[in-house]
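To keep things clear, I will list the structure first and then write my remarks on it.
The values are calculated or read from the model by the stated rules, or taken from the named source; none is laboratory data. Please read all numbers here as calculations on a predicted model, not as lab measurements. Counting neighbours? That spans all protein chains shown, and the Cβs are built from the backbone with ideal geometry, glycine included. In case anyone asks, the SASA skips ligands and DNA or RNA and just uses the protein heavy atoms, side chains included. Shrake-Rupley method; radii C 1.70, N 1.55, O 1.52, S 1.80 Å.
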Amino acid sequence: TEATMPSIAGGLFSAGRGISWLRLRRLQRPLLSSLSAGGGSDAPHLPVVIVGAGPVGLALSFLLAKFGIKCTVLERSMEFTRHPRAHFINNRTMEIFRKFDGLAGDIERDFDKVVSPISVAHFSQYKLVDLLLKKLDGVGFQTCFPDELGGSSAQDLLLENKILMGHECSSIELTDDGILVGASFNNGGRMQERKLHCGLLLGADGARSKVRELAGAIGVLVAHDLEHGEFVLQVPFYPPQQMFEDFSAKVCEQIIVKLVGWEPADIQVLDIKPWAMHAEVAEKYVGCDNRVILVGDAAHRFPPAGGFGMNTGVQDAHNLAWKLCLLLNGIADPSIIQTYESERKPVATFNTELSLENFKAAMSIPATLGLDPTIANSVHRVINSSLGSIIPRNLQKVVLEGLFSIGRTQVSDYILSENNPLGSLRLARLRSILDEGKSLQLQFPAEDLGFRYGKGALVAEDCAESTYQAEDLKHSKRSSGEYIPSAKVGSRLPHMLVRPLSASSEGVFSTLDLVSGDKIEFVIIIAPLKESYKLAQAMLRIADEFELSSKVCVMWPQGSRDVEAKGSISELAPWTNYVDVEEIPRATVNSSWWEMYQVSNRSVILVRPDEHIAWRTEPDMVRDAYSDVRRVFSQILSLNRPQV
Ligand SMILES: Cc1cc2nc3c(=O)[nH]c(=O)nc-3n(C[C@H](O)[C@H](O)[C@H](O)COP(=O)(O)OP(=O)(O)OC[C@H]3O[C@@H](n4cnc5c(N)ncnc54)[C@H](O)[C@@H]3O)c2cc1C
């Protein structure tokens, strides 16, 4: 009863070369009730299955668990990777982690907190994975191994809120009401397949490793944690003449000794993994009736230059989680998932270009030292061409190694010395590159916090505003890009410290904290003006109609007293879901929140549960408050979009 439909997957998900997707087959089954248990399949029926327990899969499962959505994670390995890949966590990701039950606090380092209530951080990926697992434990998630689950027939309840280790997603079949996922696992020495039937399948299974050509036994040592002496060595290699297996722990130790120039007594090689440099974005993030969704490296792969990979992935998860929650609770239309793609794909495309530019900038260092990687690439290409293939394999290896030894000579003490005219010239050039900050850049404030969605679950202000901010960023000078906070639609809500104006509340918090991290809630920001109160009332009522949780924040100028703020009670009655706050402008810039973010204080701002601005208007631009606001919420929830 099964018919093969091979074209769905390739067409939907292929991304230039590389990112391929498992072949999908549509099962000819009687119609099953969507997202309900059982149906015509014996497999457990789960709302959401996530493939991959990397940082992105774990972040997504945490958010879903917090929002009350049960999910199951499949991880093919029997243990979480100890390999320290990512180490730079950018500002926006740290803001998101603040609301992961204090995760950001666990990893925080000192940083200027002017534009954000939190800092960036240098923290190894495997340590982050450990902390994410602790947070998941806190929301009731468990890690299970095949022997704890037994055979292939497990009840769905048994699989909910679990990370199934040693389970490799090996097949995906599109059924009439969901996705049938095959997960192979080793049950006491015998390979078995477990079937899971789910409403939504989220692919967070990382990039498929493909090796790219770079020059030989020359390496870069990256300090991940100086206090604990933790470093990562990156060594380029050229297959098939050089293979991953050539890099044993012993060989790596020798490279390290050569790189540092002396023999440290306590080198310990902990883990060795190959990785390939990619610059690709999947054509489509969403497919199969909005049921299969790619996140993280599964959707995009960047060169590791600029720390965008994991950060972009965690931010994908954050963009997606609230939409999934509203969809699974029957509040949003399934096509809201398309807005995940229209918002996040331009960000990935932009970050790909930025990482590539940054990678090229980083290459100026070896090029200045006489180690031009393009030469090694060209030689490798010739060796692998039909001309090169007539050279015996062992001779090919000799040619490559000869090339690398020329490379090594370029950085030897003999050449790279102030006494050698060539060496002194190269060292002078190197100093000027480093002084001018033209090498590898890790912080991109304009892109980190300043990215803006142009099209998606929002109502663009006008046509001119509706392009993704990439265009704005392209016109500004990227490398020196300063973050300019903005309250334009699609932007992340700008940060300012505020103080609650109620005698019973104390303390100071960020405007970002107006948005709850524990539930899906929209926030309406207004100044204490009569017309704004009226519009806010209409918004609260329509939000209620849509079964959306919402609250109003009345932003008072600095110096307003609790007595004045009492006005909100009568203006917003009978609603009580509001908060009066007083602005605390920075000492150096004595402007109001509205002035700082270039919007009139007559603006009424609607903020989404992911802290991005969904709509901005002014009371005199609204003709019929109730029908206009109803249209706005319908658009955000994709209720008036044609099904894709
Ligand atoms: C050298 C290097 C340095 C980097 N530095 C940074 C940095 O500083 N900052 C930054 O943001 N990013 C950085 N990155 C990128 C970052 O490591 C990745 O973007 C990040 O790991 C992506 O997370 P993920 O969860 O999407 O995928 P992954 O971490 O690849 O996780 C995918 C998981 O899915 C599992 N899996 C795969 N296939 C299956 C299957 N069929 N069934 C079940 N499970 C499966 C895998 O075992 C794995 O656990 C760096 C990368 C490299 C290589």
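To the nearest 10 Å², what's LYS519's accessible area with a 1.4 Å probe?
Spelled out: LYS519, probe radius 1.4 Å, area about 100 Å².
Using per-residue counts of other Cβ atoms within 10 Å, averaged over each peptide, order 313-320, 67-74 from highest down. Could the numbers behind the result be given before it?
Working: 313-320: 27.0, 67-74: 22.2.
Listed from highest to lowest mean packing, they are 313-320, 67-74.
Given LYS488/LYS519; LYS70/LYS273; LYS323/LYS551; LYS70/LYS284, which pairs have Cα atoms separated by over 21 Å?
LYS488/LYS519; LYS70/LYS273; LYS70/LYS284
What do you get for GluC sites (Glu not before Pro) in segment 494-564 restricted to DSSP loop and a cutoff of at most 14 other Cβ within 10 Å of the site's Cβ?
Passing both the DSSP loop test and the Cβ count: GLU506, GLU547.
To the nearest 0.05, what FRET efficiency results for PHE509 and SER634 with a Förster distance of 30 Å applied to their C-beta separation?
0.40
Under a plain spin-label model, where a point goes 7 Å from the Cα along Cα-to-Cβ, how far apart in nm are GLU353 and ASN590?
About 4.2 nm, to one decimal.
Only four residue types carry charge here, +1 at the Cβ of Lys and Arg and -1 at the Cβ of Asp and Glu. Report the dipole size of segment 479-637 about the Cα centre in Debye, rounded to the nearest 20.
Rounded to the nearest 20 debye, it is 260 debye.
Can you pull a Stokes-Einstein diffusion coefficient for segment 479-637 at 25 °C (0.890 mPa s), Rh from Kirkwood over Cα pairs, as a whole number of µm²/s?
154 µm²/s
Quote the accessible area belonging to MET555 in square angstrom, nearest 10, computed with a 1.4 Å probe and with ligands, DNA and RNA left uncounted.
Roughly 0 Å² of MET555 is accessible to a 1.4 Å probe.
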